[in-house]
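These notes concern the structure reproduced below.
The values are calculated or read from the model by the stated rules, or taken from the named source; none is laboratory data. Fair warning: this is a prediction, and the values are worked out from it, not measured in the lab. As a convention, Cβ positions derive from the backbone with ideal geometry for all residues, glycine included, and neighbour counts pool all protein chains shown. Surface areas here come from the heavy atoms of the whole protein model, side chains and all, with no ligands, DNA or RNA. Shrake-Rupley method; radii C 1.70, N 1.55, O 1.52, S 1.80 Å.
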Amino acid sequence: MGGEAGERRLGRAMSFGIPDVALGLVMGFVDDPWDRDAISLVCRHWCRVDALSRKHVTVAMAYSTTPDRLLTRFPCLESLKLKAKPRAAMFNLIPENWGGSASPWIRQLSASFHFLKALHLRRMIVSDDDLDVLVRAKAHMLTSLKLDRCSGFSTSSLALVARTCKKLETLFLEDSLIAEKENDEWLRELATSNNVLEILNFFLTDLRASPAYLTLLVRNCRRLKILKISECFMLDLVDLFRTAEILQDFAGGSFDDQGQAVESRNYENFYFPPSLLLLSLLYMGTKEMQVLFPYGAALKKLDLQFTFLSTEDHCQLVQRCPNLEILEVRDVIGDRGLEVVAQTCKKLQRLRVERGDDDQGGLEDEHGMVTQVGLMAVAQGCPHLEYWAVHVTDITNAALEAIGTYSRNLNDFRLVLLDREANITESPLDNGVRALLRGCTKLRRFAFYVRPGVLSDVGLGYIGEFSKKIRYMLLGNVGESDQGLLQLSTGCPSLQKLELRGCFFSERALALAALQLKSLRYLWVQGYKASPNGTDLMAMVRPFWNIEIIAPNQDELCQDGQAQILAYYSLAGMRSDYPQSVIPLYPSV
């Protein structure tokens, strides 16, 4: 069996006589991209069928490939998600001018991707000209446009999108930086030009929104199920909520109106539609939270991160929400609040506990304390948790062991140990991490950001040994020496993305670890023992592997603990838009 004829016979044999059309339809029911990748590796024939039947692709790093390569591999793409800036950009750790322009991609997508209906850009720079090019080519077929944590565009281009994309069902702008040129005229255009919109999200933006235009939008778009807006006084939205008969998810609004005295605000007859299941509110205080009491039993999601509630308020409110599946709070909830969550929310699947002392627009904070007590209660009381991100003031091995014992459904666990207290109860946490990883066998994403000395080299070895399926990992202030990192890198067979911060491993250890982690596709490091010119990093050089050093700023040389390393696989070669703060180490200029 050889040559093209042999390949065809092998393909037919592997397909068990299934015609290509039927095989493509079967593949269409396989949604997991990892499974699709595995299917494409069976044989060349299956790879071709996969290429023709794949409708959605996520490109995790825009510089890892080119639009031409993507089109050649998947000529029938209908949906694309594209990410550019490293995740660290969300925490202002990446220079603003690092790169990430969407222009090259949008021009090629507009010209050559003839079946594209949905586009999701994340952490990219998108100009008004880019959106103009996209709309001119795709307005007649675009059903979903997501500009997720993007910047560079204005409300003028949003008005163009609203006016011309008549089939748009999803417009997502959350947490993007958008220049206002025509106030909320774009919203009026959307309300009058579109009657098929199902999702509108401009939550956590500075866009102004007229209550009248929002109400008009809800009245004209009868399919609207998700509405997430910027700050808008809640009492001005009463007509909107009475009109939105099928609204299921609302975020935004505001209970804080500086133009109206607190004592004159009357929420006694406030109304939410009975269809509402998911709710995220801004600046709600103790006096306003009673608005939610009649609706608590129906809620599946509650986001209280941007409220003025005390620990006791959280307890009272959570007790009225027994069917919650998603809860997002700040650590003001405290151990007592988490104990109430454990007793009440038996269906909880996602729990996020953010730190409460960040600058969040002047939010007052009680500096609640979340410790091993609250974690153990949640682990035992909420057995269906799949996602758990938590900031703690104290933590013990026993708490981590409890998570490994009771939270067997976790696929994403992230823990940050805050530095509010001088000492913690127990250190190191090696045995707790081992127990957690051994018990939570479904974990795919794992973050452990602690303090120096809390996780030793032994603990890093445990992470390598018991992280069989983890694909993404963030570690902060862990390990004692290079040996710990090297021990970790002998395991983690599925790890594709690794982020390290404040660990101070040597360049040589980082390079050797990158070579030993066979599945690694992306490495970001901040805080390491830098050599004078980065030569030790050259040990990780291999084909299609880009290495960049990001200096603290344009006027400083890379110094210990300040420079960043970014390394990633790329079929596109060296990028051409490096700013002065980024030094291309390999390929070099």
Could you list all residues from segment 35-76 that are closer than 22 Å to Ser570 by Cβ, among the basic types (Lys, Arg) and either in contact with a Leu (Cβ under 9 Å, 6 or more places away or on another chain) or in a strand (DSSP E or B) (or both)? Arg54, Arg69
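For (1) small (Gly, Ala, Ser); (2) over 19 Å from Val416 (Cβ atoms); (3) at pLDDT 95 or above, each residue gets a yes or a no:
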site	(1), (2), (3)
Ser456	yes, no, yes
Lys468	no, yes, yes
Arg471	no, yes, yes
Leu474	no, no, yes
Thr490	no, yes, yes
Leu510	no, yes, yes
Ala513	yes, yes, yes
Leu523	no, yes, yes
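Here is a yes/no grid of residues against (1) open to solvent by 30 Å² or more (accessible area, probe 1.4 Å); (2) over 21 Å from Thr307 (Cα atoms); (3) touching a Ser or Thr at 6+ places or on another chain (Cβ under 9 Å); (4) not in a strand (DSSP E or B):
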position: Glu245; (1), (2), (3), (4): yes, yes, yes, yes
position: Pro273; (1), (2), (3), (4): no, yes, yes, yes
position: Ser280; (1), (2), (3), (4): no, no, no, no
position: Tyr283; (1), (2), (3), (4): yes, no, yes, yes
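Among the candidates Ser494, Ser467, which residue alone is among the polar types (S, T, N, Q), open to solvent by less than 30 Å² (accessible area, probe 1.4 Å) and over 25 Å from Ser581 (Cβ atoms)?
Numbers: Ser494 fails: open to solvent by less than 30 Å² (accessible area, probe 1.4 Å).
Answer to the selection: Ser467.
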I'm told Ile333 meets every condition in (1) under 26 Å from the mean Cα position of the chain (by Cα); (2) closer than 26 Å to Leu227 by Cα; (3) open to solvent by less than 40 Å² (accessible area, probe 1.4 Å) except one. Can you identify the failing condition by its number? (2)
Got a number for residues in segment 119-143 being within 14 Å of Glu174 (Cα to Cα) and not hydrophobic (A, V, I, L, M, F, W, C)? 3
Residues (modelled with pLDDT of 95 or more, among the β-branched types (Val, Ile, Thr) and either open to solvent by 10 Å² or more (accessible area, probe 1.4 Å) or outside any loop (DSSP other than H, G, I, E, B) (or both)) located in segment 408-450: Val416, Val433, Thr441
Being open to solvent by 10 Å² or more (accessible area, probe 1.4 Å), in a helix (DSSP H, G or I) and either without any contact (Cβ under 8 Å) to a residue 60 or more places away in the chain or of a type in the set (Gly, Ala, Ser) (or both): is that true of Leu109 here? no
Of residues in segment 382-401 being open to solvent by less than 10 Å² (accessible area, probe 1.4 Å) and over 22 Å from the mean Cα position of the chain (by Cα), the one farthest from Gly432 (Cα to Cα): Cys382
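Given the condition within 18 Å of Met369 (Cα to Cα), in a helix (DSSP H, G or I) and open to solvent by less than 60 Å² (accessible area, probe 1.4 Å), answer yes or no: does some residue in segment 287-302 qualify?
For segment 287-302, residues within 18 Å of Met369 (Cα to Cα), in a helix (DSSP H, G or I) and open to solvent by less than 60 Å² (accessible area, probe 1.4 Å): absent.
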Could you say which residue among Gly461, Gly484, Gly479, Gly453 is over 27 Å from the mean Cα position of the chain (by Cα), at positive phi and either surrounded by 20 or more Cβ atoms within 10 Å (Cβ to Cβ) or assigned to a loop (DSSP other than H, G, I, E, B) (or both)? Gly453
I'm told Leu235 meets every condition in (1) more than 13 Å from Leu190 (Cα to Cα); (2) in a loop (DSSP other than H, G, I, E, B); (3) open to solvent by 10 Å² or more (accessible area, probe 1.4 Å) except one. Can you identify the failing condition by its number? (2)
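Check Gly362, Gly356 and return the single one that is at pLDDT below 95, surrounded by 17 or more Cβ atoms within 10 Å (Cβ to Cβ) and not in a helix (DSSP H, G or I). Don't jump to the end; show me each part of the working.
Values: Gly362 fails: surrounded by 17 or more Cβ atoms within 10 Å (Cβ to Cβ).
Just one listed residue meets the conditions, Gly356.
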Subset of segment 116-145 [farther than 14 Å from Trp105 by Cβ and not aliphatic (A, V, I, L, M)]: Lys117, Asp128, Asp132, Arg136, His140, Thr143, Ser144
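Would you mind finding the one in Pro67, Pro75 that is under 16 Å from Ala102 (Cβ atoms), of a type outside the set (A, V, I, L, M) and at pLDDT 90 or above?
On the way: Pro75 fails: under 16 Å from Ala102 (Cβ atoms).
Going through Pro67, Pro75 in turn, just one is under 16 Å from Ala102 (Cβ atoms), of a type outside the set (A, V, I, L, M) and at pLDDT 90 or above: Pro67.
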Every residue from segment 157-182 that is open to solvent by 40 Å² or more (accessible area, probe 1.4 Å) and more than 21 Å from Asn220 (Cα to Cα): Glu174, Asp175, Leu177, Ala179, Glu180, Lys181, Glu182
Across segment 183-212, what is the number of residues that are in a helix (DSSP H, G or I), in contact with a helix residue (DSSP H, G or I) (Cβ under 8 Å, 6 or more places away or on another chain) and open to solvent by 60 Å² or more (accessible area, probe 1.4 Å)? 2
State which residue is most open to solvent (accessible area, probe 1.4 Å) when the search covers only segment 223-232 and only residues that are touching an Asp or Glu at 6+ places or on another chain (Cβ under 9 Å) and more than 12 Å from Ile199 (Cβ to Cβ). Glu231
